[in-house]
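So the structure is just underneath, and the comments pick up after that.
The values are calculated or read from the model by the stated rules, or taken from the named source; none is laboratory data. What you see is a predicted model; the values in this text were computed from it and never measured. A quick note on method: Cβ atoms are made from the backbone with ideal geometry, for glycine too, and the neighbour counts reach across all protein chains shown.
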Amino acid sequence: MHKILELPLLVILMGVGALAMLVPAIHAWAIRDWDVARAFLFPALLFLVVTALIGIASAARRPANPARSHLLAMLGTFVLLPLMLAVPMNEAVRDTGYFSAWWEMVSSLTTTGATLFDPARLPPSVHLWRALVGWLGGFFMLVAGVAVLAPMNLGGFEVTGDGGPAGAGAAVAAGEAAAGAAAAASAPSAERRPGQGRRGSGARRPGRGLRSSHTGDRLVRHTLALMPVYGSLTLALWSALLIAGDPALVAVCHAMAAMATSGISPVGGLAGGGSGFAGEMLIFVFLLLALSRHMMPAIGSRWTPAPLVHDPEIRMALALMVAVPSVLFVRHWIGAVEVNEVEDVPAAAQAAWGALFTVLSFLTTTGFESAGWVDARFWSGLPTPGLVLAGLAIIGGGVATTAGGVKLLRVYALYRHGERELQKLVHPDSVGGGGPAARRMRRQGAQVAWVFFALFAMSIAVTMLALALTGLGFSPATVLTIAALSNTGPLARIAAEVPLAWATLGEPAKAILAAAMVLGRLETLAIIALLNPEMWRG
C-alpha cells in the first residue's frame, strides 16, 4: 500500500477512476442491463492493467519540485483523465460520439453539471456514472485545496496568507505575472499561527516552500481525514432523501450532486424527484457546507476553532442570503399586486422559499432550482432574473470547498477594503483597527483579490470572444461563458431569456467551453503560478 501511495498523483487517480467504473457496472448487472454492465466492466479491467503498467514504469520517479508536480497533476486530472472516463460512457451510449462523451466527463469531473443529453436518453447506470464522477471531482478539489493549493497560498488562501509553509509566494508571483511587479511588491511576510512555521518568515516563490515538505504524505493524510466525513455526509443525505420519497437512484445522484455542488440529476432537477419540499429542505442544509471550509469538521480543524459566526465567508454568505431573496420576493410581490394575487398566502410562502433555496444553490454553484422558484413566476407573472443568478454564480462559495466561482473570501476582502476607503474619505487621519490580520486582508488581501477579479473578467472576455468567432450571439455567449467559468452548468437553462441547450452547440464551441470549465475549476492564479519561470528552476 505504501508503494502505491508513492506513485505519481495522476497514476493514482487513474487507478481510482478505473475502480470507480466497477460501481456502474455492478449497478447495471443488478438491474439486468447486460450491455451497459459490459460497457463499464471491460474498460475498468483494461484501465486497471494500463494503470498498473504505468505505475511500474514510474515507480522510481521522484519529482524535483513537488509543487510543480502536483499542480501539473491537477491540470492533468481535468484535461487527461476525462479521456479515460469517457470510454465506458461512449460504449454505453452507442448513438453518441466519443467527443460528446469526453465533454460530458469534463463537465462532470469539474462539477459543472452541464449535460448534452436529455435525461430520458441515458440508461440509469450512466446517470450514476455521471453523478459519481462529479462526486469524485468534488472530493478531489477538497483534498487538493487543503493539501496542494493552501500551502502555496492559492485557491483563495492568498487573501489571508494563512495557507501553509509556502507563504504568499505563489500568489505574489501570480500577481506579478498578471498585474506587474507593483501589485506584488507590497505583499508582506505571512504571519504564522502556532505550528505553521516561523512568524515573520519571508514570502517564498512557488514550490520553494514545498521542496522539503512531504506533499504526498499531506495528500494521504487529508484524504484519510476527509473521506469518512465526505462519504458519511453523502450517505446521510442519500438516506434522508430516500425516506423523503425519492427513488434510490435519484436520491443517491442528488446526494452526490449536493455534496459536490455539481447539480447533476438523472431526472432534470429536483422537480423530477419525489421528495418535494422535504427534499429541498434536506439539500438546503447540506449546501450550507459549501459556504466555508470551517463548516467541514476535518477541514475546519486545519485552521482556527473560532465560532462560525465570526467566519467572514459565513457572514458574507448570510448577508447575500438575506438581501438577495428579499429583493427577489419584493419583486415578485409587486408583480403579484399588478395581477391581484397578493392574497394568495401559500403562493407567497412558496415564492419566498424558492428564492432562498435558489439563491443558496447558485451561490454554491450547484444550480438546483426550487419548485417554489418556478411557482413564483406563475404567481407574479415575471420572468426569471437571470442576471442575479449569474452574479451569484460568479461570486461562488467558500475557499477549499467543492464550490466554484470567485469565492466569498475574495469578495469579503474587497468589501472590507472598500469599507475602509470610505472611512478614510470621511476621516482621513483615522487608523483602521482589527489587528494585523484585518489590515493584511484590507490591503494585500484585497490587492490580490482584485488581481484575481481582473483575471476572471479577462477570462470571461476572451471566452466570449472565442465563442463569438464560432457564430454564437452576445447573450448566449455571455450566459454560457459564466456558466462554464463558474462551474454552474444549469445556469444556461435558467438564466437566459430563452433556455439554452448545450447540445445545440458546435464542436468548436464545446471545446472552448470545456477549456473554460477546466480554467474555472483550477483558477487563473494557479495556472499563472504554474507558468512562472521560478517554478521550473532547479
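Can you tell me which residue is nearest to residue 81 (Cα to Cα) among those in segment 113-144 that are part of a helix (DSSP H, G or I) and among the aromatic types (Phe, Trp, Tyr)?
Narrowing segment 113-144 to residues part of a helix (DSSP H, G or I): 119-121, 124-144.
Right, trim to among the aromatic types (Phe, Trp, Tyr) and you get 129, 135, 139-140.
Numbers: 129: 14, 135: 15, 139: 15, 140: 13 Å.
For segment 113-144, the residue satisfying everything is 140.
Out of the residues in segment 515-538 meeting the condition of being in a helix (DSSP H, G or I) and touching a Lys or Arg at 6+ places or on another chain (Cβ under 8 Å), tell me which one is nearest to residue 406 (Cα to Cα). I'd like the intermediate steps shown before the answer.
We begin by selecting, within segment 515-538, every residue in a helix (DSSP H, G or I); these are 515-522, 524-531, 533-536.
Filter once more, so that each one left must be touching a Lys or Arg at 6+ places or on another chain (Cβ under 8 Å): 530, 534-536.
Values: 530: 19, 534: 26, 535: 24, 536: 27 Å.
Step by step, filter segment 515-538, then rank; the result is 530.
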Restricting attention to segment 238-277, the residues that are of a type in the set (Val, Ile, Thr), over 20 Å from the mean Cα position of the chain (by Cα) and farther than 20 Å from residue 126 by Cβ number exactly 1
Could you check, for segment 448-463, whether at least one of its residues is closer than 19 Å to residue 505 by Cβ, surrounded by 22 or more Cβ atoms within 10 Å (Cβ to Cβ) and modelled with pLDDT of 90 or more?
-> yes
Could we say that residue 347 is in a helix (DSSP H, G or I), in contact with a Phe, Trp or Tyr (Cβ under 8 Å, 6 or more places away or on another chain) and modelled with pLDDT under 75 here?
-> no
Between residues in segment 332-355 that are closer than 26 Å to residue 278 by Cβ and residues that are at pLDDT 75 or above and not in a helix (DSSP H, G or I), which pairs lie under 6 Å by C-beta distance while being six or more apart or on different chains?
-> 354/370
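Is it fair to say residue 77 is in a loop (DSSP other than H, G, I, E, B) and crowded, with 19+ Cβ neighbours inside 10 Å?
Working: in a loop (DSSP other than H, G, I, E, B): no; crowded, with 19+ Cβ neighbours inside 10 Å: yes.
No.
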Could you run through segment 82-99 and say how many residues are surrounded by fewer than 23 Cβ atoms within 10 Å (Cβ to Cβ) and touching a residue at least 40 places away in the same chain (Cβ under 8 Å)?
-> 4
Test each condition in (1) buried (at least 24 other Cβ atoms within 10 Å of the Cβ); (2) touching a Lys or Arg at 6+ places or on another chain (Cβ under 8 Å) for residue 430 and report the one that comes out false.
-> (1)
Any idea how many residues of segment 257-269 are crowded, with 24+ Cβ neighbours inside 10 Å and either among the hydroxyl-bearing types (Ser, Thr, Tyr) or touching a Phe, Trp or Tyr at 6+ places or on another chain (Cβ under 8 Å) (or both)?
-> 8
Do we have any residue at all in segment 444-457 that's of a type in the set (Val, Ile, Thr) and touching a residue at least 40 places away in the same chain (Cβ under 8 Å)?
-> yes
Could you check, for segment 325-342, whether at least one of its residues is at positive phi and modelled with pLDDT under 90?
-> yes
For segment 487-514, how many residues are assigned to a helix (DSSP H, G or I), of a type outside the set (Lys, Arg) and crowded, with 18+ Cβ neighbours inside 10 Å?
-> 9
If we scan segment 51-61, do we find a residue that is surrounded by fewer than 18 Cβ atoms within 10 Å (Cβ to Cβ), within 23 Å of residue 501 (Cα to Cα) and not assigned by TED's automatic domain parsing to the domain that holds residue 365?
-> no
Please find, within segment 407-447, the residue that is farthest from the chain's Cα centre (by Cα) out of those that are modelled with pLDDT of 90 or more and hydroxyl-bearing (Ser, Thr, Tyr).
-> 415
